[in-house]
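Taking it in order: structure first as structure tokens, then the write-up.
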Amino acid sequence: MANGGTSSRGLRVAIVGGGLGGLCAAAFLHRAGVQVTVFEQAPELSYVGAGINMGPNAGRVLHHLGLTGAMDKSGEIIETGWEFRRWQDASVLFSQERGERGERGLRRYGAHRYFIHRADLLDILLSVVPGEVIELGRKYTGLEQDESACQLSFADGSTAEADVVIGADGIHSTVRDAVAEGSPTTFSGLCAWRCLIPALQVSQFALRPAQTLWVGPGRGGTWCITRSGTAHGSTRSRSPRCGNGTRKRGRQPERLASSSPSSRAGMAG
């Protein structure tokens with residue numbers, strides 16, 4: 001939401017959500033000289049999460065923030081992308097070779113494809129977002145707009161004014177309800193298990209700089225190595241055991257870690 005009549009350098013921009021999207025937006029706005037504030041409901045920025053597969057289009061965005069060197073250091077440059085393997089015998093159905101250190105992909109797309117742990121990517125973005133623009137413990141509850149400004153309300157009773165409000169508060173966004181009619185989510189019947197496995201517990205095959213996807217009937221899996229010394233794995237399946245689509249924590253990934261014919265990190269289902 002925005003109010004017109006203000007030059008870009010005089011804008012006050014509020015970003016609701018201090019995750020990866022919110023911090024990236026804040027970094028660009030701050031670099032452009034815009035007065036930006038990030039409102040994050042958590043009392044501290046969370047380093048939870050697993051591996052993130054970043055395509056060259058995302059890599060180019062971070063390049064414009066001067067973060068290519070940090071990504072090369074903390075992320076794993078993918079040399080083989082979209083390596084599809086048959087679940088029965090691990091035979092390769094298709095692969096996208098990007099060359100040693102991803103040089104072929106770099107020439108074609110202008111950036112590398114990375115696999116990186118979410119915590120590492122969060123640290124990289126925080127390096128270009130001043131701490132004083134991030135306000136923690138500010139849970140957004142509502143927004144009102146008139147001709148002069150937008151007013152945000154928070155759970156602690158406080159308010160804030162801005163000319164532009166950016167909703168970066170995730171799939172269950174509450175900011176979205178201020179600009180579009182809310183609609184209930186519909187469970188697709190698909191569920192996923194994600195896990196991180198210490199690199200010392202997987203075979204050398206699983207440590208290749210490749211994004212491997214196992215294809216099976218009604219289910220599939222993927223893995224890739226992260227620079228932080230862990231292999232990220234996930235499985236996806238369509239099953240009545242998935243429940244109603246709610247997030248659950250459990251030990252399922254540990255049982256799946258040995259399912260691949262080629263590696264303990266293979267998430268073949």
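The values are calculated or read from the model by the stated rules, or taken from the named source; none is laboratory data. All of these numbers come straight from a predicted model, not from anything done at the bench. Here the Cβ is made from the backbone with ideal geometry for all residues, glycine too, and neighbour counts use every protein chain on show.
Report yes if some residue within region 65-80 is outside any helix (DSSP H, G or I), closer than 19 Å to V165 by Cα, in contact (Cβ under 8 Å) with a residue 12 or more places away in the chain and among the acidic types (D, E); otherwise report no.
Within region 65-80 (the criterion being outside any helix (DSSP H, G or I), closer than 19 Å to V165 by Cα, in contact (Cβ under 8 Å) with a residue 12 or more places away in the chain and among the acidic types (D, E)), the answer is no, since none of the residues qualifies.
Restricting attention to region 124-144, does a residue exist that is touching a residue at least 24 places away in the same chain (Cβ under 8 Å) and in contact with a Lys or Arg (Cβ under 7 Å, 6 or more places away or on another chain)? Can you show your working first?
Our first condition is that a residue be touching a residue at least 24 places away in the same chain (Cβ under 8 Å); within region 124-144, this holds for 124-130, 133-143.
Filter once more, so that each one left must be in contact with a Lys or Arg (Cβ under 7 Å, 6 or more places away or on another chain): none.
No.
Failed condition for Q204, given (1) closer than 26 Å to G55 by Cα; (2) touching a Lys or Arg at 6+ places or on another chain (Cβ under 7 Å), with all others met?
Condition (2) is where Q204 drops out.
Has region 233-242 got at least one residue that is in contact with a Phe, Trp or Tyr (Cβ under 9 Å, 6 or more places away or on another chain), at pLDDT below 80, farther than 26 Å from A119 by Cβ and among the small types (G, A, S)?
Yes, the conditions are met somewhere in region 233-242.
Which members of region 174-200 meet the condition of being closer than 30 Å to T222 by Cβ, part of a loop (DSSP other than H, G, I, E, B) and free of Cβ contacts under 8 Å to residues at least 40 places away in the same chain?
S183, P184, T186
Return the only residue of R85, R101, R108 being assigned to a strand (DSSP E or B) and more than 30 Å from R12 (Cα to Cα).
R85
Is one or more of the residues making up region 7-30 closer than 24 Å to Q151 by Cα, at pLDDT below 90 and among the basic types (K, R)?
Yes; the residues of region 7-30 include at least one that is closer than 24 Å to Q151 by Cα, at pLDDT below 90 and among the basic types (K, R).
Any idea which of (1) surrounded by 13 or more Cβ atoms within 10 Å (Cβ to Cβ); (2) out of contact with any Gly (no Cβ under 6 Å at 6 or more places or on another chain) is the one I116 doesn't satisfy?
Against the list (1) surrounded by 13 or more Cβ atoms within 10 Å (Cβ to Cβ); (2) out of contact with any Gly (no Cβ under 6 Å at 6 or more places or on another chain), I116 comes up short only on (2).
Would you say L122 is surrounded by 13 or more Cβ atoms within 10 Å (Cβ to Cβ) and either modelled with pLDDT under 90 or part of a strand (DSSP E or B) (or both)?
When the stated conditions are applied, L122 does not pass them.
For region 89-98, which positions are without any contact (Cβ under 8 Å) to a residue 60 or more places away in the chain and either assigned to a helix (DSSP H, G or I) or over 11 Å from T212 (Cβ atoms) (or both)?
S91, F94, Q96, E97, R98
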